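*Asks:* Could you have a look at this structure, given as structure tokens, before my questions?
The values are calculated or read from the model by the stated rules, or taken from the named source; none is laboratory data. Only a predicted model underlies this, so the values are computations on that prediction, with no experimental measurement involved. Note that we place each Cβ from the backbone using ideal geometry, even for glycine, and neighbour counts take in every protein chain shown. Ligands, DNA and RNA are excluded from the accessible area calculation, which covers all protein heavy atoms including side chains. Shrake-Rupley method; radii C 1.70, N 1.55, O 1.52, S 1.80 Å.
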Amino acid sequence: MNMNKYLDVNPEVAQALAEGKPVVALESTIISHGMPYPQNVQTALNVERIIRENGAVPATIAVIGGRLKAGLTAEEIEYFGKKGLNIAKASRRDLAVLCARGEDGATTVTTTMIIAHMAGIKIFATGGIGGVHRGAETTMDISADLEELGQTPVMVVCAGAKSILDLGLTLEYLETKGVPVIGYGTEELPAFYTRQSGFKVDYRMDTPAELAAAFKTQNELGFKGGMLVANPIPQEYAMPLDTINKAIDQAISECEAKGIHGKETTPFLLARVAELTGGDSLESNIRLVYNNAAVAAQTAVEYCKN
Ligand code: PSU
Ligand code: MN
């Protein structure tokens with residue numbers, strides 16, 4: 001394969017890809033900015049194990065010393081987890097500068113998709129995606145994740161989007177960009193901590209084979225974009241709607257009062273919601289990521305069958 005000169009694919013991932021075996025990409029912003037240390041590192045390592053147990057090879061993605069990495073060592077995952085918010089959050093606009101300067105960056109959904117695609121990885125598991133923020137009519141705060149889903153052919157398995165976002169506008173944006181939103185075992189868009197949101201997905205699918213077939217067809221049609229799979233949090237780990245909504249509303253007011261904006265908004269809201277809801281939301285967050293890792297690995301296995 002003709003590899004990008006800035007890309008390093010770790011040997012196990014490279015071998016799996018060369019042999020047509022299933023690989024699942026994972027992001028690093030969820031480690032550095034999405035959860036506190038040390039749960040972030042434990043979760044990242046457990047996610048890799050779950051992917052292996054389900055028959056695929058994990059490739060955690062990050063920027064280290066200006067190199068785009070597909071596949072991290074346990075030591076590198078520990079480094080990202082410990083450095084936390086001190087690692088630059090890297091979106092599409094940041095990659096060239098980080099590479100030119102030889103710096104580190106934690107990859108968001110956007111940059112994980114970009115690097116996964118460079119490496120030839122088709123399926124990516126995460127927690128929640130970025131989207132259209134509440135109040136975007138005036139702030140224009142719309143995550144680059146939505147643009148990337150519109151232009152890069154990687155399937156993203158998530159638990160929907162947090163209601164720190166405007167879920168209705170997020171779905172409208174995805175429709176405009178031509179991104180199919182698939183509910184896994186559900187007709188309703190899950191809202192990360194909860195299985196319900198009041199919004200419908202575009203299609204419901206119930207098996208990894210169906211997901212793989214739809215995505216393969218999209219690729220064979222020559223479409224450039226991705227596909228979003230929304231996999232609801234297991235019922236036993238879901239949060240009470242009222243608790244989570246109160247915490248989100250308070251976090252958003254504080255964010256506005258402090259004048260936080262740009263790339264800081266999402267990490268601030270994630271951290272504040274976690275604080276306000278104590279350990280409960282962190283446990284839910286961890287469980288839904290495990291659930292997504294399993295579905296992504298099973299789908300990657302199906303995708304590799306002919
Ligand atoms: N939503 C979550 N957890 C996360 C993120 C979003 O529930 O960890 C992270 C992901 O890396 C996502 C990024 O790609 O935040 C979006 O940031 P922004 O809204 O600034 O585009
Ligand atoms: Mn933003």
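*Asks:* Would you calculate a helix-derived [θ] at 222 nm for the chain, using -39,500 (n - 2.57) for each DSSP H run of n ≥ 4 and dividing by the full residue count, to the nearest 500?
*Replies:* For the chain, the value works out to -14500 deg cm²/dmol.
*Asks:* Let me spell out the model: positive unit charges on the Cβ of Lys and Arg, negative unit charges on the Cβ of Asp and Glu, origin at the Cα centre of the chain. What dipole size does that give, in debye rounded to 20?
*Replies:* For this selection, approximately 600 debye.
*Asks:* Charges on Cβ only, +1 for Lys and Arg, -1 for Asp and Glu, centred on the Cα centroid of segment 220-306; of TYR237, HIS261, VAL301, which one is farthest towards the dipole's positive end?
*Replies:* Farthest towards the positive end: VAL301.
*Asks:* Give me the accessible area per residue for the chain, probe 1.4 Å, as a whole number in Å².
*Replies:* In whole numbers, the chain has 43 Å² accessible per residue.
*Asks:* Once you sort the root eigenvalues of the Cα gyration tensor of the chain as a ≥ b ≥ c, which label holds: rounded (a/c under 1.5), prolate (a/b larger than b/c) or oblate (the other case)?
*Replies:* Cα axes put the chain in the rounded bin.
*Asks:* How much of the accessible area of the chain, in percent, comes from carbon and sulfur atoms when a 1.4 Å probe is used?
*Replies:* 52
*Asks:* Could I ask something else about it? What distance in nm lies between label points placed 7 Å from Cα along the C-beta direction at GLU137 and GLN235?
*Replies:* Result: 3.8 nm between the two label points.
*Asks:* Next question, about the same structure. Counting pairs of alpha carbon atoms under 8 Å apart in space and at least six apart in sequence, what relative contact order in percent does the chain give?
*Replies:* 20
*Asks:* Compute the length gained on full extension between ASN245 and ALA96: take 0.36 nm times their separation in residues and subtract their Cα-Cα distance, giving the result in nm to one decimal.
*Replies:* 49.9 nm
*Asks:* Given LYS5/LYS263; LYS21/LYS224; LYS177/LYS263; LYS89/LYS200, which pairs have Cα atoms separated by over 25 Å?
*Replies:* LYS5/LYS263; LYS89/LYS200
*Asks:* Is the C-alpha gyration tensor of segment 248-299 telling us rounded, prolate or oblate? Criteria: a/c under 1.5 is rounded; beyond that, a/b larger than b/c is prolate, otherwise oblate.
*Replies:* It is oblate, given that a/c is not under 1.5 and a/b is not larger than b/c.
*Asks:* For ASP202 and LYS83, FRET efficiency with R0 = 51 Å and r from the beta-carbon atoms, rounded to 0.05?
*Replies:* 0.85
*Asks:* Relative contact order of segment 146-225, please, whole-number percent, based on alpha carbon pairs below 8 angstrom and at least 6 residues apart.
*Replies:* Relative contact order comes out at 35 percent.
*Asks:* Can you tell me how segment 119-230 classifies by the Cα gyration tensor, rounded, prolate or oblate, using a/c under 1.5 as the rounded cut?
*Replies:* oblate
*Asks:* How do the peptides 23-31, 264-272, 295-303 rank, highest first, by the average count of neighbouring beta carbon atoms within 10 Å per residue?
*Replies:* 23-31, 295-303, 264-272
*Asks:* Using the beta-carbon distance between GLU187 and ASP280 and R0 = 22 Å, what value does 1/(1 + (r/R0)^6) give for FRET efficiency, to the nearest 0.05?
*Replies:* 0.25
*Asks:* Shifting gears a bit: Placing unit charges on C-beta atoms (Lys and Arg positive, Asp and Glu negative, everything else neutral), compute the dipole magnitude of segment 160-306 about its Cα centre in debye, rounded to 20.
*Replies:* That gives segment 160-306 a dipole magnitude of about 360 debye.
*Asks:* Rank THR139, THR176, VAL156 by how far each Cα sits towards the positive end of the charge dipole of segment 118-176 (+1 on Lys, Arg Cβ; -1 on Asp, Glu Cβ) and give me just the farthest.
*Replies:* Of the listed residues, the answer is VAL156.
*Asks:* Sticking with this structure for a sec: Between LYS305 and GLN151, how high is the FRET efficiency from 1/(1 + (r/R0)^6) when r is the Cβ-Cβ distance and R₀ = 30 Å? Nearest 0.05.
*Replies:* Calculated value: 0.65.
*Asks:* Turning to a different aspect of this structure: Where the centre of each part is set by its Cα atoms, how far does segment 268-283 sit from segment 165-211, in angstrom?
*Replies:* Each part reduced to its Cα centre gives a spacing of 23 Å.
*Asks:* Ordered by packing density, taken as the mean number of other Cβ atoms within 10 Å over each peptide's residues, highest first, how do 69-78, 281-290 rank?
*Replies:* Ranked from most to least packed, the peptides come out as 281-290, 69-78.
*Asks:* Label-point separation (nm) for GLU172 and THR217, each offset 7 Å from Cα along Cα-to-Cβ?
*Replies:* Simple spin-label model gives 2.9 nm for this pair.
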